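Structure first, commentary second.
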Amino acid sequence: RLNQMIESMLLIARLEHGEYQKDVTPIHLHSMVNELVDYFSFLAEDKQIKLQILIESDAVLIGHAVLVERAIANLISNSIDHGSLESKVQIKAQTDASYIVVSVFTSDVHIDDIHLPRLFDRFYQVESSRHASGKTGGLGLAIVKSIMQLHQGQVLVENLDDGVIFRLVFPNV
């Protein structure tokens with residue numbers, strides 16, 4: 001666990017110092033997310049969580065493929081870890097002239113509003129999620145935030161009536 005935490009801290013430092021800025025390529029979002037869903041399907045099945053992809057087959061994002069995949073994977077992993085039995089997780093992409101928004105929605109989950117502004121802070125964990133904190137020690141969403149900053153984008157979270165949604169907002173370049 002300590003090794004994982006050290007590696008995560010080093011990744012955040014590298015991201016913040018711009019070490020990954022030059023490695024951008026076209027990313028076919030549907031293919032990437034399909035591979036991630038395949039990867040996480042076993043964990044989702046254990047909790048009877050349905051993973052659903054709502055991404056057009058021609059959706060393309062320009063970015064650092066490994067890091068974009070890491071950001072989306074962190075959100076999917078969190079959705080499964082914190083999702084309730086028989087909930088659903090929808091991964092969606094929407095594109096317009098200015099932005100590409102990749103969202104991960106988890107039904108039947110609510111995060112108290114007091115926590116929302118701090119979710120992306122390093123080491124911050126919602127008290128009720130500390131039992132599942134062994135993976136990242138409160139660094140997973142901080143990594144997502146750093147990845148989005150590197151891409152001149154942002155990560156947002158919002159409670160909806162029927163669940164919680166995380167949005168990765170990329171500039172459409």
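What follows draws every value from the coordinates through simple rules; no lab data is involved. Since this is a predicted model, take the numbers as computed values, not measurements. Note that each Cβ is placed from the backbone with ideal geometry, even for glycine, and that neighbours are counted across all protein chains shown.
Cβ-Cβ distance of Ala97 and Lys50, R₀ of 45 Å, FRET efficiency by 1/(1 + (r/R0)^6): the value works out to about 0.90. Each Lys or Arg adds one and each Asp or Glu takes one away; over the other residues whose Cβ falls under 12 Å from the Cβ of Ser103, this sums to +1.
Contact order normalised by length for segment 16-125, with contacts defined as Cα pairs under 8 Å and 6 or more residues apart; what percent is it?
26
Summing Lys and Arg as +1 and Asp and Glu as -1 over all other residues whose Cβ lies under 14 Å from the Cβ of Glu86 gives a net charge of -1. Here the simple spin-label model places points 7 Å from the Cα toward Cβ, and for Leu160 and Asp112 these points are separated by 2.4 nm. Which value, in Å to one decimal place, does the Kirkwood hydrodynamic radius take for segment 63-129 when every pair of different Cα atoms is included? With all distinct Cα pairs of segment 63-129 included, I get 13.7 Å.
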